[in-house]
1. Pick from segment 113-134 the residues that are part of a helix (DSSP H, G or I) and in contact with a helix residue (DSSP H, G or I) (Cβ under 8 Å, 6 or more places away or on another chain): which of them is farthest from residue 195 (Cα to Cα)?
2. If we scan segment 141-160, do we find a residue that is without any contact (Cβ under 8 Å) to a residue 60 or more places away in the chain and in contact with a Pro (Cβ under 8 Å, 6 or more places away or on another chain)?
3. Scan segment 161-173 residue by residue and report those that are of a type in the set (A, V, I, L, M, F, W, C) and free of Cβ contacts under 8 Å to residues at least 24 places away in the same chain.
4. Would you please name the residue that is surrounded by the most Cβ atoms within 10 Å (Cβ to Cβ), looking only at residues in segment 158-200 that are hydroxyl-bearing (Ser, Thr, Tyr) and over 14 Å from the mean Cα position of the chain (by Cα)?
5. Could you say which residue among 157, 140 is part of a helix (DSSP H, G or I) and of a type in the set (Val, Ile, Thr)?
6. Only residues that are surrounded by 13 or more Cβ atoms within 10 Å (Cβ to Cβ) and over 17 Å from residue 2 (Cβ atoms): list them for segment 113-127, please.
7. Of the residues that make up segment 217-230, is at least one in a helix (DSSP H, G or I), surrounded by fewer than 21 Cβ atoms within 10 Å (Cβ to Cβ), at pLDDT below 75 and touching a Lys or Arg at 6+ places or on another chain (Cβ under 9 Å)?
8. Just to confirm my filter: which helices (runs of 4 or more DSSP H) fall fully inside segment 1-112 and include at least 1 residues that are surrounded by fewer than 21 Cβ atoms within 10 Å (Cβ to Cβ) and on the phi > 0 side of the Ramachandran plot?
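The values are calculated or read from the model by the stated rules, or taken from the named source; none is laboratory data. None of the values given here were measured: they were computed from a predicted structure. Glycine also receives a Cβ, built like all others from the backbone with ideal geometry; neighbour counts cover every protein chain displayed.
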Amino acid sequence: MAIKNLWVIMPVYNEEEAINQVVQEWASCLNGLRIPYTLCILNDGSKDKTLEKLKQLATQFPSIHLVDKANSGHGQTCVLGYQIALQNNADWIFQIDSDGQCDPSFFKQFVPLTEQYKCIYGVRTKRDDGLQRTIVSHFVTLFSWVATGQFVRDPNVPYRLIASEVMKEIAYVVPADFHLANIYVSVRSNKLSKIKWVPIHFRDRMGGSASVKTFSFVKHGFTLFKQLRNAQQEK
């Protein structure tokens with residue numbers, strides 16, 4: 001299944017230090033693969049100079065589709081990006097983060113897998129962002145499994161490529177109050193079409209600080225569990 005209209009969804013919040021390099025390296029990667037693509041960058045109410053830099057980048061890279069929006073959090077911003085991609089007839093949707101942790105060098109391994117799979121996710125087998133984040137990821141995997149019966153190896157990984165036919169079944173039903181929407185999307189992806197996992201190296205941030213704090217995962221753990229259970233029962 002050749003990729004004919006790839007939409008890359010990149011939520012951004014206060015990434016003035018990293019955004020230039022991140023956009024440049026991803027544009028270089030995608031141009032090199034000769035895949036028709038749109039880089040949909042959603043500025044989630046940044047308070048620094050991120051938006052100014054994004055506007056400059058949009059003049060340099062015609063592939064950029066820039067969305068400036070009020071802050072709604074990382075997960076719900078991704079969901080909006082999915083919906084925009086579907087409205088623009090994307091056949092594949094790829095989500096990445098804007099902090100430089102997602103290494104473009106692994107994406108070339110994803111492309112040929114689209115011939116056989118509809119959901120292709122990275123699994124962070126090597127991480128440079130600290131032990132705490134690794135522990136939290138294992139915690140989220142366990143919570144998701146117990147709550148839904150779906151074993152998802154890395155539920156909150158931002159490196160994910162999903163066919164539009166699967167995304168259409170997800171993007172418009174994510175609860176608006178779901179705090180960690182990426183986890184919901186992962187569980188639903190796995191249920192609709194088993195995820196193909198590709199080992200990736202997750203780099204440290206290029207600058208700034210994470211918009212989703214480690215403590216937030218723990219703080220909202222019980223809420224996440226209840227939301228996953230409720231969503232599972234509704235489907």
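1. To start, the set of residues in segment 113-134 that are part of a helix (DSSP H, G or I) comprises 113-115, 131-134.
Adding the requirement that they be in contact with a helix residue (DSSP H, G or I) (Cβ under 8 Å, 6 or more places away or on another chain) leaves 132-133.
Numbers: 132: 25, 133: 22 Å.
Per the criteria, the residue is 132.
2. Looking through segment 141-160, at least one residue is without any contact (Cβ under 8 Å) to a residue 60 or more places away in the chain and in contact with a Pro (Cβ under 8 Å, 6 or more places away or on another chain).
3. Here is the first cut: in segment 161-173, the ones of a type in the set (A, V, I, L, M, F, W, C) are 161-163, 166-167, 170-171, 173.
Across segment 161-173, the qualifying residue is only 173.
4. Residues of segment 158-200 hydroxyl-bearing (Ser, Thr, Tyr): 159, 164, 172, 184, 186, 189, 193.
Still in the running and over 14 Å from the mean Cα position of the chain (by Cα): 164, 172, 193.
Numbers: 164: 19, 172: 11, 193: 16.
Across segment 158-200, the extreme among qualifying residues is 164.
5. On the way: 157 fails: part of a helix (DSSP H, G or I).
On inspection, the qualifying residue turns out to be 140.
6. Applying the first criterion (surrounded by 13 or more Cβ atoms within 10 Å (Cβ to Cβ)) to segment 113-127 yields 113-114, 117-125, 127.
Those that are surrounded by 13 or more Cβ atoms within 10 Å (Cβ to Cβ) and over 17 Å from residue 2 (Cβ atoms): 119, 121, 122, 123, 124, 125, 127.
7. Initial filter on segment 217-230 (in a helix (DSSP H, G or I)): 217-219, 221-230.
From what's left, surrounded by fewer than 21 Cβ atoms within 10 Å (Cβ to Cβ): 218-219, 221-223, 225-227, 229-230.
Checking which are at pLDDT below 75 leaves us with 218-219, 221-223, 225-227, 229-230.
Those still in the list that are touching a Lys or Arg at 6+ places or on another chain (Cβ under 9 Å) too: 219.
Within segment 217-230, one or more residues are in a helix (DSSP H, G or I), surrounded by fewer than 21 Cβ atoms within 10 Å (Cβ to Cβ), at pLDDT below 75 and touching a Lys or Arg at 6+ places or on another chain (Cβ under 9 Å).
8. Working: elements: 19-33, 50-60, 74-87, 107-110.
Answer list for segment 1-112: none.
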